[in-house]
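The values are calculated or read from the model by the stated rules, or taken from the named source; none is laboratory data. Note that this is a predicted model, so its numbers are computed, not measured. Cβ: placed from backbone, ideal geometry, glycine included. Neighbour counts: every protein chain shown.
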Amino acid sequence: MNQEEIMFLASALNDILNNNNIQRKQGEEKLNQLKSFDPNKYACYLTSIITNSEVNIEVQCLAAVILRRNISSTATDSQDVNNQINNANLWNRLDSNAREYVKNELLKAISECNKKVLSSKICNLLIEIGGSMHEIEQQIWQDLLNLIFSFVQSEIDIKVDSALQIFNGLFSYIMEHLVKYKNDLLGIFSKTLDHSSLDINLAALQAVSNFLQIAERKDSLHFIQLLPQMSNVAIKALQIDEETVLQDALVEFNELAEIEPKFFRQNFKDLFDLFSPIVSKNDYTNPIIRHQPIEFFVTLTERLPIILKKDQDTLRQLLDLIFKLMIDIDELIDNSWLKPKEGFKVEDDEEDEDSVAFGKTCVDRLVSSIGEEIMLPLLSQLVQNTIANDYDWRYKNAGLMALSQVGEYVNDISMIAPMIPTVLEHLQHPCPKIRFAALHCIGQISDDMTEEFQENFHPTVLPALIQMLDDQVPRVQSHTCACLNNFLEGTTEEVASQYIQVIMEKLLNLIQNGISIIKENAVTALSSLAEATKSNFDQYYDFCMSSLSQFIGQFNEPYYKQFKGQLIEAITIICCSVSIEKFQPHYEIVINALLEMQNNYFKNTDSQKTYLITAWQRLCTSMKEDFIPYLSMILPSLFSMAAFNPEITIQGQQKAEDLQSVLNELKDDNNKDKQNDINTDEMDEKQEAIKMLGVFIDELGPAFFDWVEPASKLILNLIGYKANSQIREESVQCLPGLIICIKEAKPDDQGLLVDVARQYLENIWRTLQKELNPETLIQQVTAVKEIIDTLGMPFIDQVILNSLGSLVVELINGSDERIRENNETLKNEADDDDDPEQDYELLKEENKIESELQITLEELLGVVFKTHPQMCGNIITQLGSNLIPSALSSNIKQKNQLALYLLDDMIEHLGPQILGDFYLQAARKIISFNNSQHASLRQAASYGVGILAQTSGDLFQQIANEALQSLKMAIEYQMTSIVQEKNTKVKQFQMAKDNAISALGKIIRHQPQFIDLEQMIPNWLSLLPLKNDLDESKIQNEILASLLLENHPALMLGSNNERYEIIVLIMSEVLQKKYVDEETWQKFSTFLKQTANDGVLGPIFNNTFQNRITEDAQNRLHQALNTNNYQ
């Protein structure tokens, strides 16, 4: 060991610590040269410096930090970020002698170290080596474990503390090994949690917390006996006013509550009583400490709602604590609140206000998790009591802010109606904070109960808000604008139009003269006024736009950037709200103004660019073909935004890297079937740009053709974008629109259409096979389906089509496996605990997405059957041999539904010619589900019977009786009390019945020779009209109209015209656009004109018209009789 070289290296480290940049750079170069030239010597020398007590302790610490980072598999040496080879994992590059030297010397160093700052750095280094040995060499560093097990028995505090720190770090690397010592660890933790040193208590708590978060529950069950000692760490810190330790201890409880909430379940009440005094104490240097216990209680309640559902006394106490926290803020109102600085953001608000915002959020979380039935009565009493306090404004403030959270959970406006006059009274309160809180309450309820609240309270609320625009406190004025915006968004055109002039004038004045937050909220409120009043705003448009246009060139300081973004949004909303005739003369002015801001005002990474992107979308949707001449000026910037690849700086690095290049580092090896999104402002902008491109494609159609090639190149590069699933989804959704664009622009160039479609499908195909996110898979499969359907002809070759069928089956099986794993997880949770409702909701949602994916895959096969019927033999064999039989025999509704959808599509698109003997087998399987207890299955089966009637030809004779009997059961199926309790179930029940009735109509229409028409027609007519499934309703009404006009009038009316009246009654209901298309309406109109004045039928018609139908129905018949206008 060359001491001269060691001291040279120590000198280089000392240079790195120097404030002089040149000297620091020279030190880094010396260090990196040695690391590159001889990594063994480099590691040994750094270790020697760490153990050399004669070296400055700052240099020792730096040596430990640098060596740790060089050994780490995730960190990069910030002094040598550009040399990837030299930055490779150092432990891998050391020979066995160097490794042994480093390990032995560091064990000796930690044994002898008596300085906490250095021991902490050495501990981190030892953890990294232990982790690297396990990851790289699959070895356990037993000497280190032996040492730390001995340390915990030491009387020397620094050794005990070091042992706990190392245990804590190693849990992340070698937990499967350390759980073998769980009984020893339990004793160690118990002893150190009771240690006389508070620092050691905290280290023990952190180690226990980490163990519990990482270990499997079966290995940590006995650790619950440590809970009193764990909680005592926080109480001990509270008693001696050690705020740092108190906050760190509470952080551990909060993290553990999020990850392992059941650990606390049996002791929740004891913990509540123990930690509540922490909230009551109000003289902390850091007041956020008071939030921590409440955060702990609320987090546990969210994860295990049953705790407080069954203990409402404790729930009341928790609400009392939250309200006290919201009340216990500074009584003096600071001038910085009354008039914030220019560029102020609400998230920049002061700590006192944070307590109110925090409490308000906690109330919302509790209502969401526990339910409004329990929470609203408790909150109501607290709100009334606090608002009634006239002696301290803080009580009213807390009550009004809490009240603002309940609107989201109230279904009946009458429940909060009594409180609204009280809230409005507080708009005139002398305290600006109370006026602000009252405005906040109105604004939030306007948003949560939109339309209903506005409809009931606009006569009192709107005049009050208009008056509040003149408030003398800027913060209150700003919030008035925000409140008015929320209210206008749910106000009818008729109501809002009464106030246009007075509101517009006040808002324009505020935009001109107000501070930045007033400008921002005022301009947004103005756009909502125009949007609410529509063409009624036309007469004010010129004046309004003249004023707003002036602002585009003003207020260019950086703190007005948010305002400028909202100004863009407001201008385009106003332009698109008025009549197109009013807007048209201003096209060029508005677009040039936006281009000016796009090119000169916003930087490439400016988050306000999102406003510009949505503005272009809005204009394109409104202007349609008039937008085309401006595309050449807009699309290059859009393509640039969409193609921009954000960079990210990994913690510990000084160099920003391409997001794609860091994904592997972020990937969790234990969750290889998961994909994590990266979300940044730049990513949001990229996503918005792609969404905007999709709007252009869809809205402009064939006019976008000149831009198809660059758009395709861009989008195809993004459909596999690893960093963000939403970008993958937005991108793939653009492709079907481009296919439609090509088809409409070049209807005669089938070769081009087929070539592009194949290119798109090939690219989607590749990404689809790698995709792990079910929601993204749905979008990708939908794009494939829409592309194939748009072409509407066979263009995929046989090999590819066979592969597609195999992949669909594979994806369905993979989805089934994920559902099975979810259900197994839920079962295990239920066996382990009697309250799995949080997991249940999450897994239920995941399973719902999986079922949606399977249905989307089925729809893709349906389109393949439709467009490539002669090429589906292998797919039919695959489905018929395993997937369909398995799904039909399952006791899971969703599997049955998938099979029925497949059979319906096969019957509809392939028919008996292709299906052969399987056709009748499939038909009977479909028919058998018409008596299912599940309405969705009856609906699918009835729809299938209707398709059978249309496609079977003479084969229908073999199944006619079975089909009619099954439809009779489906039509007469009784609604149970369970179904009646839920609107969605009632709707599904009615849809199923409508489909059964519709199938009966289709049999009458297409298979009359195999049924008794004299019996079936009266039955069918008695069941009309259909009012729930509007698609099937239109089909039935077309059948009825056709039968009446063709060769069946006598059969339809009856031998004595006894069915004419019911037919008139049916027509009086269905002569509306939602029930009939124009052709059917004309047929009914013709029939009415033929019969209403007939000598025999006329009197029946007149009697029915005058005595049996409503005035609206009379008007519909009158329209059909006297005009040819389909309305």
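It is to be established whether one or more residues within the range 1018-1035 are under 24 Å from ALA992 (Cα atoms), among the aromatic types (Phe, Trp, Tyr) and without any contact (Cβ under 8 Å) to a residue 40 or more places away in the chain. Can you show your working first?
Filtering the range 1018-1035 down to residues under 24 Å from ALA992 (Cα atoms) leaves 1018-1035.
Checking the rest, the ones that are also among the aromatic types (Phe, Trp, Tyr) come to 1020.
Going one step further and asking which of them are without any contact (Cβ under 8 Å) to a residue 40 or more places away in the chain, we end up with 1020.
The answer is yes, given that some residue of the range 1018-1035 is under 24 Å from ALA992 (Cα atoms), among the aromatic types (Phe, Trp, Tyr) and without any contact (Cβ under 8 Å) to a residue 40 or more places away in the chain.
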| request: Taking GLN933 as meeting all but one of (1) surrounded by fewer than 17 Cβ atoms within 10 Å (Cβ to Cβ); (2) in contact (Cβ under 8 Å) with a residue 24 or more places away in the chain, write down the number of the exception. | output: (2)
| query | If you go through the range 490-540 one residue at a time, how many are of a type in the set (Ser, Thr, Tyr), within 35 Å of the chain's Cα centre (by Cα) and closer than 22 Å to GLN444 by Cβ? | reply | 5
| query | What residue, of PHE1101, PHE1087, PHE1105, is surrounded by 14 or more Cβ atoms within 10 Å (Cβ to Cβ), touching a residue at least 12 places away in the same chain (Cβ under 8 Å), in contact with a helix residue (DSSP H, G or I) (Cβ under 8 Å, 6 or more places away or on another chain) and within 24 Å of ILE997 (Cβ to Cβ)? | reply | PHE1087
| message | Looking at ILE466 and the list (1) touching a Ser or Thr at 6+ places or on another chain (Cβ under 7 Å); (2) part of a helix (DSSP H, G or I), which single condition is not satisfied? | response | (1)
| message | So in the range 707-721, with the set limited to residues that are within 10 Å of VAL732 (Cβ to Cβ) and of a type in the set (Val, Ile, Thr), which one is surrounded by the most Cβ atoms within 10 Å (Cβ to Cβ)? | response | ILE719
| query | When the range 743-767 is examined, which residues are found to be crowded, with 19+ Cβ neighbours inside 10 Å and in contact (Cβ under 8 Å) with a residue 40 or more places away in the chain? | reply | LYS743, VAL756, TYR760, ILE764, THR767
| message | On the basis of being in a loop (DSSP other than H, G, I, E, B), surrounded by fewer than 20 Cβ atoms within 10 Å (Cβ to Cβ) and charged (D, E, K, R), does LYS1027 make the cut? | response | yes
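I'd like to check which helices (runs of 4 or more DSSP H) are fully inside the range 791-910 and have at least 2 residues that are over 23 Å from GLN933 (Cα atoms) and touching a His at 6+ places or on another chain (Cβ under 7 Å). It would help to see each step written out before you state the result.
On the way: elements: 798-832, 837-867, 873-878, 884-889, 893-909.
Ranges flagged: 837-867.
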| query | Does the range 765-799 hold any residues that are under 19 Å from ARG818 (Cβ atoms) and among the basic types (Lys, Arg), and which are they? | reply | LYS770
| note | Residues of the range 125-157 being surrounded by fewer than 17 Cβ atoms within 10 Å (Cβ to Cβ), in a helix (DSSP H, G or I) and at pLDDT 90 or above, in sequence order, are GLN142, ASP143, ASN146, PHE149, SER150, ASP157
| task | Would you kindly identify the helices (runs of 4 or more DSSP H) lying entirely within the range 43-124 that contain at least 1 residues that are of a type in the set (S, T, N, Q) and at pLDDT 90 or above? | result | 57-71, 96-112
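Tell me, which residue of the range 596-619 that is part of a helix (DSSP H, G or I) and surrounded by fewer than 16 Cβ atoms within 10 Å (Cβ to Cβ) is modelled with the lowest pLDDT? Give the derivation first.
Quick first cut of the range 596-619, residues part of a helix (DSSP H, G or I) only: 596-600, 609-619.
Next, from what is left, pick out any that are surrounded by fewer than 16 Cβ atoms within 10 Å (Cβ to Cβ): 596, 599-600.
Numbers: GLU596: 79, ASN599: 74, ASN600: 69.
This residue is ASN600.
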| remark: Sole miss for LEU842 among (1) surrounded by 18 or more Cβ atoms within 10 Å (Cβ to Cβ); (2) out of contact with any Gly (no Cβ under 6 Å at 6 or more places or on another chain); (3) outside the structural domain of GLN950 (by TED's automatic domain parsing); (4) not β-branched (Val, Ile, Thr) is condition (1)
| remark: Contact list, first residue from the range 256-276 and closer than 11 Å to PHE297 by Cβ, second anywhere and among the basic types (Lys, Arg), beta-carbon distance below 8 Å, six or more apart or interchain, is ALA257/ARG303
| field | Scope the range 873-889; condition within 15 Å of LEU857 (Cβ to Cβ) and not polar (S, T, N, Q); matching residues | value | ILE875, LEU879, LEU883, ILE884, ALA887
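Can you tell me which residue within the range 186-208, out of those that are part of a helix (DSSP H, G or I) and surrounded by fewer than 22 Cβ atoms within 10 Å (Cβ to Cβ), is nearest to the chain's Cα centre (by Cα)? Can you show your working first?
Of the residues in the range 186-208, the ones part of a helix (DSSP H, G or I) are 186-193, 198-208.
Next, only the ones that are surrounded by fewer than 22 Cβ atoms within 10 Å (Cβ to Cβ) stay: 186-187, 190-191, 198-199, 206.
Details: LEU186: 41, GLY187: 44, SER190: 43, LYS191: 45, LEU198: 43, ASP199: 41, GLN206: 33 Å.
Here the answer is GLN206.
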| Hey, does the range 211-220 have a residue that's under 17 Å from ASP161 (Cβ atoms), crowded, with 17+ Cβ neighbours inside 10 Å and in contact with a helix residue (DSSP H, G or I) (Cβ under 9 Å, 6 or more places away or on another chain)? | yes
| remark: In the range 549-582, anything in a helix (DSSP H, G or I), surrounded by fewer than 22 Cβ atoms within 10 Å (Cβ to Cβ) and either among the hydrophobic types (A, V, I, L, M, F, W, C) or not assigned by TED's automatic domain parsing to the domain that holds SER535 (or both) is listed as PHE551, ILE552, ILE573, CYS576, ILE580
| field | Given (1) closer than 20 Å to LEU125 by Cα; (2) among the β-branched types (Val, Ile, Thr); (3) without any contact (Cβ under 8 Å) to a residue 60 or more places away in the chain; (4) surrounded by fewer than 14 Cβ atoms within 10 Å (Cβ to Cβ), index of the condition ILE57 fails | value | (3)
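Which one of these is out of contact with any Cys (no Cβ under 8 Å at 6 or more places or on another chain), of a type in the set (Phe, Trp, Tyr) and in a helix (DSSP H, G or I): PHE537, PHE487?
Details: PHE537 fails: out of contact with any Cys (no Cβ under 8 Å at 6 or more places or on another chain).
The conditions single out PHE487.
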